[in-house]
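First the structure, in the form of structure tokens, and then the observations on it.
The values are calculated or read from the model by the stated rules, or taken from the named source; none is laboratory data. Because the structure is a prediction, the values reported are computed rather than measured. Note: ideal-geometry Cβ built from the backbone for every residue, glycine included; neighbour counts use all protein chains shown.
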Amino acid sequence: MASTIFLILTILLSSRTLEGTSRGDTFEVSATEKHEQWMARFQRVYSDESEKRNSFDVFKKNLEFVERFNMNKNKPYKLDVNDFSDLTDDEFRATHTGLVVPKGIIGSSTSESDKMMPFRYGNVSDAGESMDWRQQGAVTPVSGYETVPMNNEEALLRAVSQQPVSVGIEGIGDAFRHYSGGIFDGECGTDLHHAVTIVGYGVSEEGTKYWVVKNSWGQTWGEGGYMRIKRDVGAPEGMCGLAILGFYPLA
């Protein structure tokens, strides 16, 4: 009897091991095929097999992250591999971020310091439910800029209701890097490594408020180069720190 039970357990453990190995082999084959397709799509050419293999290893890691994330159907946004999927975190940060915030600009914002900063939209009372400056042809000569009061999404809303606003943002996380659509509300901090332009805002059919953000990573990233990111998140700094440091040009 004991030997029979031992035999059954051995068979079960062996089958699970084989099943796990089979899944791993299947993903390896799938990742290899997708890497070849990705290389063709983004016109990647490597100098030798070693460089290609290193690229594949990074790509495979990012592919697995993307596919695991997308298995959760309850997320309000989706990810996809893109032009950055063979870059290590350090390579991506070095080549696609680089916002340098001058010392002294970011600090603890107070009502007194806000009073000292010029803000022409402080009296805007009705910002409306939506605005999109992409539809307004808002391209004007720039002769200077003003700042939006720090850590104040309401002030940012008033400014964007009048014109596009450039903001600092933390955009180095894997989810942010591989964003492909939907309203982003993923994990991120407030270290401002990157700069984007808020060109609009709106409310989804489900009632989720969002900003429309124009990035500089090409049209294959996000929604044609844009991102919808959650608005009114309950934190003064906004999602990914986008309400910390905002500027708008003066015509």
Give the residues of segment 201-230 that are touching a helix residue (DSSP H, G or I) at 6+ places or on another chain (Cβ under 7 Å) and closer than 17 Å to Glu187 by Cα, sorted by residue number.
Ile229, Lys230
Could you tell me whether segment 233-245 includes any residue that is part of a strand (DSSP E or B) and either polar (S, T, N, Q) or in contact (Cβ under 8 Å) with a residue 24 or more places away in the chain (or both)?
no
Out of segment 201-217, which residues are in a strand (DSSP E or B) and within 14 Å of Lys230 (Cβ to Cβ)?
Tyr201, Gly202, Val203, Lys209, Tyr210, Trp211, Val212, Val213
Return yes or no: is Glu170 surrounded by fewer than 16 Cβ atoms within 10 Å (Cβ to Cβ) and assigned by TED's automatic domain parsing to the domain that holds Glu237?
no
Candidates Gly234, Gly218 - the one that is small (Gly, Ala, Ser), modelled with pLDDT under 95 and within 19 Å of Asn151 (Cβ to Cβ)
Gly234
Of everything in segment 173-190, what is part of a loop (DSSP other than H, G, I, E, B) and buried (at least 21 other Cβ atoms within 10 Å of the Cβ)? Give them in sequence order.
His178
With respect to Ala235, is the statement that it is of a type in the set (A, V, I, L, M) and either surrounded by fewer than 21 Cβ atoms within 10 Å (Cβ to Cβ) or not assigned by TED's automatic domain parsing to the domain that holds Thr147 (or both) true?
yes
Could you tell me which residue of segment 112-169 is modelled with the highest pLDDT, considering only residues that are among the aliphatic types (A, V, I, L, M) and in a loop (DSSP other than H, G, I, E, B)?
Met150
Show the residue pairs meeting these rules: Cβ distance below 6 Å; 6+ apart or different chains; first residue within segment 207-223 and touching a residue at least 12 places away in the same chain (Cβ under 8 Å) and of a type in the set (Val, Ile, Thr); second residue part of a loop (DSSP other than H, G, I, E, B) and surrounded by 15 or more Cβ atoms within 10 Å (Cβ to Cβ).
Thr220/Asn82; Thr220/Asp83
